[in-house]
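Asks: Quick one: the structure is below, and I'll ask about it shortly.
No lab work stands behind these numbers, since they all come straight from the coordinates. These numbers come from a predicted model, not from an experiment. Cβ sites come from the backbone with ideal geometry, for glycine too, and all protein chains shown count toward neighbours.
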Amino acid sequence: MKNYYQPELETAPREKILEIQNEKIVRQVKNVYDHVAYYRKLMDEKGVKPEDIKSVEDIKKLPFLTKEDLRVAYPYGLLGTDLKNCVRIHSTSGTTGKRVVAFYTQKDIDMWEECCARAIVAAGGTDEDVVQVCYGYGLFTGGSGLHGGSHKVGCLTLPMSSGNTDRQIQFMMDLDATILCCTPSYAAYIGESLAERGYRPGDNKLKAGIFGAEPWTEEMRQSIEKSLGIKAYDIYGLTETSGPGVAFECEEQTGMHINEDHFYAEIINPDTGEVLPEGEKGELVFTALDKEGFPLLRYRTKDICILSRKKCSCGRTHVKMTKPLGRSDDMMIIRGVNVFPSQIETVLLKEGYPPNYQIEVDRVNNTDTFDIYVEFSKEMFSDKISEVQAHEQALSAAMRSMLGIGPKIHLVAPKSIERSEGKAVRVIDKRKLV
Ligand code: DLL
């Protein structure tokens with residue numbers, strides 16, 4: 001028995017989805033042109049009028065929006081409706097420059113929560129479930145989004161927010177949580193903490209986890225699934241487009257379905273802005289088709305991924321995106337070589353190390369240094385220097401064969417790398433490159 005939250009939309013034939021998208025985009029572009037002076041100026045500069053946009057095919061005529069535009073227009077410059085119609089804001093965790101502030105009307109919140117409800121149902125959630133939400137609440141979208149989705153499905157919702165792992169475990173065990181929602185790095189930490197307290201994976205009632213907000217690999221998925229005894233589902237989203245739930249995994253777990261009745265996705269060449277055909281890797285660009293408070297058109301996410309329209313066994317017809325394979329701006333260039341943190345994680349897990357690591361890049365005498373601090377697994381731990389060095393060299397060689405350059409590996413004691421309750425800090429780049 002297949003479970004969908006909104007089957008008529010999630011499994012609609014392609015033509016029906018196009019029909020919905022075409023109708024929404026015409027209305028949305030007109031609305032944005034009329035209400036958002038900032039974007040109207042961009043359209044005028046490009047010589048595009050609302051009448052030029054007759055279907056989603058025409059979206060490529062519209063100008064892009066970038067995070068920089070959001071900073072310039074901060075805080076109210078991209079509002080799509082009167083402020084009095086908005087009921088909520090959320091904000092990115094950005095540490096540099098101005099934060100991005102996104103506005104929501106009640107209709108926006110309902111749409112967003114429905115997207116999250118689709119994700120929960122796709123992970124097997126029903127009104128019988130107990131959903132433990134340990135994404136952060138507050139300005140971050142993770143907590144509120146999954147919380148709202150859980151309510152819509154009718155689950156018993158535990159609004160834990162992040163942190164206080166002892167309390168998380170106590171509630172999880174005492175209240176028989178069945179679905180866990182948090183960042184994958186926190187899920188891994190909860191798994192570790194359960195084992196330390198003597199629990200085995202079968203001791204909890206969890207059946208699924210809905211993890212996202214940061215990159216994680218297939219290997220990390222397997223490791224979390226094993227430590228918690230669950231099936232782990234990916235969920236994607238960003239503050240600018242509402243939050244989590246823009247895309248989510250179904251049971252096939254071969255990519256995340258984008259909620260195409262609300263978000264139109266394009267893949268572009270990040271250097272030229274050219275739209276790439278399905279199946280090619282590039283930067284993901286979203287147009288929110290019906291958002292009212294913060295109706296971004298052609299917003300460049302900086303996330304690099306691939307779209308696929310291959311038929312999915314779950315019956316959903318919405319296009320799928322791969323996990324973000326990196327960010328066009330997070331990619332490190334070390335000694336001229338492109339390095340993504342996800343590649344490093346893949347090697348670590350393949351070589352039997354836990355996913356607890358930190359990458360440090362610096363520039364000394366005009367040469368990049370590249371160090372990776374990795375925790376020993378309990379089984380590998382050794383206090384013999386020669387053994388430690390042999391492990392470090394073997395891991396460096398495995399990294400070299402994946403990345404093309406060999407980092408200096410520092411194996412450190414288990415639990416010595418600071419754990420994160422939210423998004424993990426994986427990269428410390430000390431180079432002054434600008
Ligand atoms: O991270 C929203 C979210 C909350 C998504 C909870 C999923 C779960 P921001 O803080 O604005 O919003 O960060 C958005 O995080 O552009 C990606 O680079 C990254 N990201 C989000 N989900 C994933 C994922 C939330 N599943 C930025 N895999 C995005 C990899 C992800 N990266």
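Asks: If you average the C-alpha positions of the range 149-178 and of the range 94-145 separately, how far apart do those two centres end up, in angstrom?
Replies: 15 Å
Asks: Non-local amide H neighbours of ARG88 (under 5 Å, H modeled in plane, Pro and chain starts lacking H): which ones?
Replies: The list, which skips near neighbours in sequence, is TYR104.
Asks: Neighbouring Cβ atoms within 10 Å as the yardstick, rank PHE294, PHE140, PHE381 fewest first.
Replies: On the way: PHE294 27, PHE140 22, PHE381 14.
Fewest to most other Cβ atoms nearby, the residues stand as PHE381, PHE140, PHE294.
Asks: When you count, for each residue, the other Cβ atoms within 10 Å and take the mean per peptide, how do 181-187, 46-52, 361-367, 214-220 rank with the highest first? Intermediate results must be reported in sequence, preceding the final value.
Replies: On the way: 181-187: 27.0, 46-52: 13.0, 361-367: 11.0, 214-220: 19.9.
My ranking of the peptides, most packed first, is 181-187, 214-220, 46-52, 361-367.
Asks: Please go through the range 289-392 and write out the GluC sites (Glu not before Pro) that DSSP classes as loop and that have at most 14 other C-beta atoms within 10 Å. Mind showing how you got there, number by number?
Replies: Numbers: sites: GLU292, GLU345, GLU351, GLU360, GLU375, GLU379, GLU387, GLU392; in loops: GLU292, GLU351, GLU379.
For GluC sites (Glu not before Pro) across the range 289-392 that sit outside H, G, I, E and B with at most 14 neighbouring Cβ atoms in 10 Å, the list reads GLU379.
Asks: Okay, moving on. Using 0.36 nm per residue of separation minus the Cα-Cα distance, give me the extension gain between THR369 and VAL275 in nm, one decimal.
Replies: Gain on extension, THR369 to VAL275, equals 30.3 nm.
Asks: Which angle from 0 to 90°, rounded to the nearest 10, does the C-alpha axis of helix 141-153 make with the longest principal axis of the chain?
Replies: The angle comes out near 70 degrees.
Asks: On to the next question. At a 10 angstrom cut-off on C-beta neighbours, averaged per residue, how do the peptides 154-160, 320-326, 244-250 rank from highest to lowest?
Replies: On the way: 154-160: 18.4, 320-326: 20.0, 244-250: 28.1.
Order by mean packing, descending: 244-250, 320-326, 154-160.
Asks: Let me ask another. Whose amide H sits under 5 Å from the amide H of ILE334, counting only residues 5 or more places off or on another chain, with H placed in the peptide plane?
Replies: Close amide H contacts, sequence-distant or interchain: VAL339.
Asks: Let me make sure I get this right: for the range 66-125, a, b and c are the square roots of the gyration tensor eigenvalues over alpha carbons, sorted descending. Under 1.5 in a/c it's rounded, otherwise prolate if a/b > b/c, else oblate. Which is it? Walk me through the numbers on the way to the answer.
Replies: Details: a/c = 3.16, a/b = 1.59, b/c = 1.99.
Here the range 66-125 falls in the oblate category.
Asks: Still on this structure, please answer the following. If you take the square roots of the eigenvalues of the alpha-carbon gyration tensor of the range 1-142 and sort them as a ≥ b ≥ c, do you get rounded (a/c under 1.5), prolate (a/b over b/c) or oblate? Intermediate values should be presented prior to the final figure.
Replies: On the way: a/c = 2.42, a/b = 1.26, b/c = 1.92.
Cα axes put the range 1-142 in the oblate bin.
Asks: Net charge near LYS378: determine it from the other residues with C-beta under 11 Å of the C-beta of LYS378, scoring Lys and Arg +1 and Asp and Glu -1. Let's see the in-between values first.
Replies: Numbers: positive: LYS415; negative: GLU192, GLU196, GLU375, GLU379.
Within the 11 Å Cβ shell, the charges total -3.
Asks: Hey, another quick one. To the nearest 10 degrees, how steeply does helix 341-350 sit against the main Cα axis of the chain, on a 0 to 90 scale?
Replies: 40 degrees
Asks: If you take every DSSP beta bridge whose two residues both sit in the chain, what share of them, in percent to the nearest 5, is antiparallel? Each step should come with its number before you reach the end.
Replies: On the way: 39 of 64 bridges.
The antiparallel fraction comes to roughly 60 percent.
Asks: So for the pair SER396, SER382, with labels modelled 7 Å out along Cα→Cβ, what separation do we get in nm?
Replies: 1.6 nm
Asks: Between 0 and 90 degrees, rounded to the nearest ten: what's the tilt of helix 184-196 against the longest Cα principal axis of the chain?
Replies: 40 degrees
Asks: Please figure out what share of the DSSP beta bridges in the range 49-164 is antiparallel and state it in percent, rounded to the nearest 5. Write down the numbers at each step before the final one.
Replies: Details: 5 of 9 bridges.
Among the beta bridges of the range 49-164, antiparallel pairing accounts for roughly 55 percent.
Asks: Still on this structure: Let me check I've understood the local charge: for ASP290, count other residues with C-beta under 9 angstrom from its C-beta, Lys and Arg +1, Asp and Glu -1. What total comes out? Present the calculation step by step, with values, prior to reporting the outcome.
Replies: On the way: positive: LYS24, ARG27, LYS107, LYS291; negative: ASP108, ASP261, GLU292.
Neighbour charge sum, excluding ASP290 itself: +1.
Asks: Give me ASP108, ASP234, ASP368 sorted ascending by neighbouring Cβ count inside 10 Å, so fewest comes first. Working shown, then result.
Replies: Numbers: ASP108 26, ASP234 23, ASP368 17.
Ascending number of Cβ neighbours within 10 Å: ASP368, ASP234, ASP108.
Asks: Right, something else. Quick one: of LYS378/LYS423; LYS302/LYS408; LYS231/LYS323; LYS16/LYS320; LYS41/LYS84, which pairs are farther than 20 Å apart, Cα to Cα? Don't skip to the answer; put the middle values down first.
Replies: Working: LYS378/LYS423 24 Å; LYS302/LYS408 29 Å; LYS231/LYS323 17 Å; LYS16/LYS320 17 Å; LYS41/LYS84 24 Å.
As for pairs spanning more than 20 Å Cα to Cα, those are LYS378/LYS423; LYS302/LYS408; LYS41/LYS84.
Asks: Between SER55 and ARG167, 0.36 nm times their residue separation minus their Cα-Cα distance comes to what? Could the numbers behind the result be given before it?
Replies: On the way: separation 112, 0.36 × 112 = 40.32 nm, distance 5.06 nm.
Gain in length upon complete extension: 35.3 nm.
Asks: Can you work out the Karplus-derived ³J(HN,Hα) for every residue in the range 39-53? Use 6.51 cos²θ - 1.76 cosθ + 1.60 with θ = phi - 60°, whole Hz, and x for glycine or proline.
Replies: 6, 4, 5, 4, 5, 4, 4, 8, x, 10, 10, x, 5, 6, 9
Asks: Can you give the local net charge around GLU57? Use residues other than it whose beta-carbon is closer than 15 angstrom to its beta-carbon, Lys and Arg +1, Asp and Glu -1. Intermediate results must be reported in sequence, preceding the final value.
Replies: On the way: positive: ARG14, LYS24, LYS54, LYS60, LYS61, ARG298; negative: GLU15, GLU19, GLU23, GLU51, ASP52, ASP58, GLU260, GLU266, GLU278.
Summing Lys/Arg as +1 and Asp/Glu as -1 gives -3.
Asks: List the Cys residues of the chain that have no partner Cys with a C-beta closer than 4.7 Å.
Replies: Lacking a cysteine Cβ partner under 4.7 Å: CYS86, CYS115, CYS116, CYS155, CYS181, CYS305, CYS312.
Asks: If you take the square roots of the eigenvalues of the alpha-carbon gyration tensor of the chain and sort them as a ≥ b ≥ c, do you get rounded (a/c under 1.5), prolate (a/b over b/c) or oblate? Before the final figure, lay out each step's value.
Replies: On the way: a/c = 1.90, a/b = 1.33, b/c = 1.43.
It comes out oblate by the Cα gyration axes.
Asks: How much FRET efficiency would the formula 1/(1 + (r/R0)^6) give for ILE89 and ILE405, where r is the Cβ-Cβ distance and R0 is 51 Å, rounded to 0.05?
Replies: Values: r = 43 Å, r/R0 = 0.84.
My answer for the efficiency is 0.75.
Asks: If you don't mind, there's one more thing I want to ask. Under a 5 Å amide H to amide H cut-off, with H placed in plane at 1.01 Å, what residues pair with PHE140 once short-range neighbours are removed?
Replies: For PHE140, whose amide H was placed from the backbone, the distant partners under 5 Å are SER91.
Asks: Per 0.36 nm of contour for each residue apart, how much would the distance between GLU19 and GLU218 grow if the chain were fully extended, relative to their Cα-Cα spacing? Kindly include the intermediate steps, with their values, before the conclusion.
Replies: Working: separation 199, 0.36 × 199 = 71.64 nm, distance 3.52 nm.
Here the answer is 68.1 nm.
Asks: Right, next: What's the center-to-center distance, using Cα atoms, between the range 388-407 and the range 241-299 in Å?
Replies: Answer, in whole Å: 36.
Asks: For a quick check: sort SER161, SER382 by the number of other beta carbons within 10 angstrom, fewest at the front. Write down the numbers at each step before the final one.
Replies: Numbers: SER161 20, SER382 13.
Final ranking by Cβ density, sparse to dense: SER382, SER161.
Asks: Specify which residue in the list TYR74, ILE169, GLN106 is farthest towards the positive end of the charge dipole of the chain, using unit charges on the beta carbon of Lys, Arg (+1) and Asp, Glu (-1), about the Cα centre.
Replies: Value computed over the given set: TYR74.
Asks: Go ahead and estimate [θ] at 222 nm for the chain from helices alone: -39,500 (n - 2.57) per DSSP H run with n ≥ 4, summed, over the residue count, rounded to 500. Show your work: numbers first, answer last.
Replies: On the way: 11 runs with 135 residues, N = 434.
When only DSSP H runs of four or more count, the value is -9500 deg cm²/dmol.
Asks: Over the chain, calculate the relative contact order: mean separation of alpha carbon pairs under 8 Å at least 6 apart, over the residue count, as a percent. Kindly include the intermediate steps, with their values, before the conclusion.
Replies: Details: 874 pairs, mean separation 60.8, N = 434.
RCO, the chain: 14 percent.
Asks: Identify the chymotrypsin sites (Phe, Trp or Tyr not before Pro) of the range 13-93 meeting these criteria: DSSP loop state and at most 13 other C-beta atoms within 10 Å of the C-beta.
Replies: On the way: sites: TYR33, TYR38, TYR39, PHE64, TYR76; in loops: PHE64, TYR76.
Answer in residue order: TYR76.
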